[in-house]
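What follows is one structure encoded as structure tokens, with my remarks underneath.
Values quoted throughout were computed directly from the atomic coordinates according to the rules given, and no laboratory measurement underlies them. Just so it is clear, the structure is predicted and the values come from calculations on it, not from any experiment. We place every Cβ from the backbone using ideal geometry, glycine too, and count neighbours over all the protein chains shown.
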Amino acid sequence: MGAAAAPALDLLDRCVAGDAAAWSALHGCYRPQALRFLRRLGVGQREADDACQEVFLQVFRYLRQFEHRADFRTWLFKLCISQAARVRRRARLMRPLSWLGLVDPVTQPDWSGSRAVELVDSALASLSDAERAMFVLFELEGLSTAECARAVGIPDATARRKLQEARAKFEQFVRDQPFGGRR
């Protein structure tokens, strides 16, 4: 490792040793880079600060296991890539709930990712195979109704009807959940 990496190694060693000033310095030095990278990965402005905070929580949890085989920034960017994927996955899961008026896309509820997955999976399981295919293709994969119709092999009008039925059943399932109804 070159001389430029030495201060970073010393800083990392001090962080592992529990030096609060070192943690503050690490965060101050690398947060702007992580935040900029998350934004470039497509994380929205509103979600970027929370995503960056999650990245640094992971740094805090796992820095002891960092083996210095790669530069710290490389590891940090890998954590950012994983976090950006989680943000996109959560947004994709929340999208079907937002059109119901149950989830404001700006201020999403404080549900864990696993709770959102559980709710969406349970609601999808309540649909017939044809309804589920249409719903997933349209709401989660972002295809148009015409593209969905071609993928499923049904006429456009039938696809629109199946989607309408699927949305109604999905909505009813979610509203029947203890936290799904309007408060």
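The Cβ shell under 12 Å around residue 30 holds other residues with a net charge of +2, Lys and Arg each +1, Asp and Glu each -1.
In this rough spin-label picture, where each label sits 7 Å from Cα along the Cβ direction, the residue 29-residue 157 distance is 6.8 nm. Anisotropy class assigned to the stretch 5-91 is prolate, per the alpha carbon gyration tensor with a/c at or over the 1.5 cut-off and a/b larger than b/c.
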